[in-house]
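Inspection log for the structure reproduced underneath, given as structure tokens.
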Amino acid sequence: GAGTVDITHVISAEGESMAVGTGRGVRVSGEVEEWLKQVEVQSQASLRQAIRAGMSRYSSMPRADFAASLDTLGQAVGTVCQIMWARGTEDAIVAQGLLGGDSS
């Protein structure tokens with residue numbers, strides 16, 4: 001109704017915009033602690049979704065192109081690059097037989 005506000009995006013100090021969840025976002029009503037917690041929960045869900053999408057896209061393009069992709073959140077780009085670097089490092093260690101003992 002009139003006077004209601006929905007938070008649909010959060011914007012970082014650097015100007016990067018991230019959707020808050022999917023659909024209409026979070027309705028600002030009631031106690032601030034409640035709707036602000038929902039903004040946090042929905043923002044985390046959006047970031048997880050961006051990371052999953054980034055993991056799928058990472059291997060389909062050169063890393064530098066992935067890292068520079070403007071449609072992917074910077075935090076998701078950094079997280080995906082770190083995950084893939086760690087996987088590659090572990091694969092190299094295992095391939096060289098440098099892993100002592102069981103890898104589990």
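Considering each of Val94, Val28, Val80, Val32 in turn, give the residue that is touching a strand residue (DSSP E or B) at 6+ places or on another chain (Cβ under 9 Å), at pLDDT 90 or above and among the aliphatic types (A, V, I, L, M). Even if it seems obvious, please write down each step before you answer.
Numbers: Val94 fails: touching a strand residue (DSSP E or B) at 6+ places or on another chain (Cβ under 9 Å); Val80 fails: touching a strand residue (DSSP E or B) at 6+ places or on another chain (Cβ under 9 Å); Val32 fails: touching a strand residue (DSSP E or B) at 6+ places or on another chain (Cβ under 9 Å).
Result of the check over Val94, Val28, Val80, Val32: Val28.
For Arg57, indicate whether it is among the charged types (D, E, K, R) and surrounded by 13 or more Cβ atoms within 10 Å (Cβ to Cβ).
So Arg57 passes the test.
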Subject >> Residue pairs meeting the criteria (Cβ under 9 Å; at least 6 apart or on separate chains; first closer than 22 Å to His9 by Cα, in segment 52-74; second of a type in the set (Lys, Arg) and modelled with pLDDT of 80 or more) >> reply: Ser69/Arg57; Thr72/Arg57
Original post:
What are the residue pairs meeting all of these: first residue in segment 7-33, first residue small (Gly, Ala, Ser), second residue part of a loop (DSSP other than H, G, I, E, B), Cβ atoms under 6 Å, and 6 or more apart or on different chains?
Top reply: Gly25/Thr8
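What residue, among those in segment 67-94 that are in contact with a Phe, Trp or Tyr (Cβ under 9 Å, 6 or more places away or on another chain), of a type in the set (A, V, I, L, M) and under 20 Å from Ser46 (Cβ atoms), is surrounded by the most Cβ atoms within 10 Å (Cβ to Cβ)? Working first, answer last.
Initial filter on segment 67-94 (in contact with a Phe, Trp or Tyr (Cβ under 9 Å, 6 or more places away or on another chain)): 72, 77, 80-81, 83-84.
Then drop every residue that is not of a type in the set (A, V, I, L, M), which leaves 77, 80, 83-84.
Now narrow it down to the ones that are under 20 Å from Ser46 (Cβ atoms): 77, 80, 83.
On the way: Val77: 19, Val80: 23, Ile83: 14.
Checking each candidate, the answer is Val80.
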**OP:** Considering only segment 23-54, state which residues are over 18 Å from Thr4 (Cα atoms), of a type in the set (Val, Ile, Thr) and exposed (fewer than 14 other Cβ atoms within 10 Å of the Cβ).
**Re:** Val41
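The values are calculated or read from the model by the stated rules, or taken from the named source; none is laboratory data. Since the structure is predicted, the reported quantities are computational estimates derived from the model, not experimental observations. We place every Cβ from the backbone using ideal geometry, glycine too, and count neighbours over all the protein chains shown.
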